[in-house]
Every structure is written in C-alpha cells, then in structure tokens.
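Report on the structure given below.
Quick note: the coordinates plus some simple rules give every number you see, no bench work behind them. All values derive from a computational prediction rather than experimental measurement. Cβ sites come from the backbone with ideal geometry, for glycine too, and all protein chains shown count toward neighbours.
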Amino acid sequence: MKLTKKMSKDYLKTQIIKDKAIRMGLSWESLYWFFVIYFSEYIKYLTAAFQMEMFDIAQNEAIKSTVITAFRGPLNPSSVSWNKDDSLGSLGNKKAQVNINNPDDTYTLTGTVTNSEGSATDSVDLSWGYEEPEPESEADETSIAVTRDVSGYIYSDGGIRRGDHAYLGDSDLDTYTKGYLSFDISGLHGKTVQDAEINFTRILGEGEPSLLASEIVVKVFNYVRLDNSDFAVGGVQLPSIPISAASYTVSGNTLKNELQNVLDNEVRDYFQLKLGLNVATNNDGSADGVEIYYNETVLYISYTD
C-alpha cells in the first residue's frame, strides 16, 4: 500500500484495522509504523522530530551500535561538550560520534552540559557491541551415477531384468513393469544437503508410450536389494516426467529433504528410486513404454559439512 497525502487519518486507520496485509506491510517496512500499530497505547503526544530520528537510527542496518544520551534540564542549554567526537562537530554540538574499530576496543564517552545554573556531566561506556557473523561454508558439489548391480526393472508377473537400462511400460503379453535406480551416497553421511537434482538425459520410447500413459511417476523408495517384493506400492512421490520427454531434470524441496533423510540414516548407503508409468497397461497386445539408461542418469548434490 502506497501512502499519499490525500489519505485522511481516519481512512488510513480503517485500512490498518481491516487489512492484515497492510498492517504487516507497514510494520515490516517501518519501525515507526510497527510502534504506532502495535504499541499505540503508549503514544500520548505527537511524535517529536528527535523521536523520529531515533526510529530511523534503530532500523538502519548500517549502524551496528548506537548510544543516545539525554540531559534533563532547560530546553536551550548554553553549551554541550564531549570528550571525544569523531564527527568533528558535523553532527552539531548536541551529538557525538565515537568510532570503535575493533572488537576488543572500548571507550568512555563523557558529555557535559553547561548553562546559567551550572554544569552537569555524565558518562557511558562504549564497546564494540556487534558480533561478527561466522562466514557461511561454501558448498561442495558431487555427481553420482546409477549403481547398476542394485538397479533394474521388475515385471508384474515376477520377472526381474537388469542390463544397462530400466524399462517402464507394458509388454506384448500385457504385463507391465516398474523401474528401480540406486545411487551410492555412502560417502556423504553427516553432510547437509543444500540442493539436489536428478538428470535423466536419455529417455527412449518403445512402441507408442503416449497412447499408454501421460507421465513417468518418480518416487523415493527404499528397496535395498532388488527382489519381487519391491513391486509393492509405496514411496514418496517426486515431480513426474512427461511421457514425451527425451530428457528431464527432477529437483525440488521434496528431493532435497528425502535425500537428507537418507544421509541422516547411517544404515542406508543408497538413495533409491522407483519409477513407473501412470497407466499400467492398455491391454493391446503390444509393448509400449520408455527406456531410461543408467549411464546417462546422474544425481547431482550440493552439500556442506
């Protein structure tokens, strides 16, 4: 919401009360508006210029440490002096700037106000007051190929095939298959996944797969070693692959999170997938499906220690 001079105070107040998005937007952008909206019971008078300046200083991310010193006395003291002012007077005689350049440095700032009634002095101890954030670890990257001896595909009648690819689809006998891929992640236990994707760079059609199904369903599925029982339902679904795709990249938070779950489980050395078409068979007595080649399917992982 953009504020304009034409908006009346009543209109603005009404919008703030009625619209949560406006309240949150104003509060996020301005510390002053945050105070006005959520601490209005403490506001008894018009906001003074020096108070607005305090709000500006408080929300300025470039200012890491701020000291505000106030003297109680006449409205117009004859003079204010400081024992140190790195601004060299550019801020006026009522403000002082003290530069603290190292975490171990400290300084005691003393201010003295003098008028016809005499002088008053007060001091404040200043320190670095800002903890340097730890630098973020740079992510490492690795690529992991399919482990062929624990990959393959299973027919609905129980037959298991391995070879150099997984076949997904039906057969001339109208049996159908599911494919299984394994990636050896045993060297990454204890790592934190920052990003992950699986690149399928060679997907070949056999027969007329588009007449059978519309997509390849991809699931995270822990099957350990391939046997007939792995034809069971289950798994965590990842983004599907269009049946017409000759290559495709699967990514997203579900992949990242499921991969992290496997890495956090020291018993599991493989990240494993189950793939199949969203339609099992069209009972036309003809093989229709797709072949996914192991040597052109790669899991890419970006991680930190």
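First measure r as the distance between the Cβ atoms of residue 95 and residue 39, then evaluate 1/(1 + (r/R0)^6) with R0 = 25 Å and state the FRET efficiency to the nearest 0.05.
Efficiency at R0 = 25 Å is approximately 0.45.
So for the stretch 140-304, averaging the separation of alpha carbon pairs under 8 Å that are six or more residues apart and normalising by length, what relative contact order in percent results? It would help to have the intermediate numbers written out before the result.
Working: 418 pairs, mean separation 70.4, N = 165.
Answer for the stretch 140-304 is 43 percent.
I'd like to know how the stretch 160-305 sits against the 2.2 N^0.38 Å rule of thumb: what's its Cα Rg over that expected value? Intermediate values should be presented prior to the final figure.
Details: Rg = 15.5 Å, N = 146, 2.2 N^0.38 = 14.6 Å.
Computed over Cα atoms of the stretch 160-305, the ratio equals 1.06.
When the dipole is taken about the Cα centre of the stretch 87-242, and only Lys, Arg (+1) and Asp, Glu (-1) are charged at their Cβ, what size is it in debye, to the nearest 20?
Dipole about the Cα centre, nearest 20: 200 debye.
For the pair residue 81/residue 265, report the inter-label distance in nm, with labels modelled 7 Å from Cα in the Cβ direction.
7.5
Taking the Cα centre of the chain as the origin and placing charges on Cβ (Lys, Arg +1; Asp, Glu -1), which of 32, 168, 135 is farthest toward the positive end of the dipole?
Positive-most Cα among the choices belongs to 32.
With +1 assigned to the C-beta of every Lys and Arg and -1 to the C-beta of every Asp and Glu, and no other charges, what is the dipole magnitude of the stretch 191-305 about the Cα centre in debye, to the nearest 20?
200
Greater than 32 Å separation of Cα atoms is the criterion. Which listed pairs, 44/94; 178/256; 20/44; 18/94, meet it?
Over 32 Å Cα-Cα: 18/94.
What dipole magnitude, in Debye to the nearest 20, does the chain give about its Cα centre under +1 on Lys/Arg Cβ and -1 on Asp/Glu Cβ?
1920
Given contacts defined as C-alpha pairs under 8 Å and at least six residues apart, what's the relative contact order of the stretch 205-293, whole-number percent?
Working: 116 pairs, mean separation 43.6, N = 89.
Reported as a whole number, the value is 49 percent.
Go through the stretch 188-195 residue by residue and turn each phi into a ³J(HN,Hα) via Karplus (6.51, -1.76, 1.60, θ = phi - 60°); whole Hz please, and just put x for glycine and proline.
10, 4, x, 7, 10, 6, 9, 6
Suppose the chain between residue 47 and residue 110 were pulled fully straight at 0.36 nm per residue; how much longer would it get relative to their current alpha carbon spacing? Intermediate values should be presented prior to the final figure.
Numbers: separation 63, 0.36 × 63 = 22.68 nm, distance 2.80 nm.
Difference between extended and current length: 19.9 nm.
Return the label of the correct value of percent of Cα pairs over 35 Å apart, as calculated from the structure shown, out of (i) 55; (ii) 16; (iii) 25.
(i)
Contact order normalised by length for the chain, with contacts defined as Cα pairs under 8 Å and 6 or more residues apart; what percent is it?
In percent, rounded to a whole number, it is 20.
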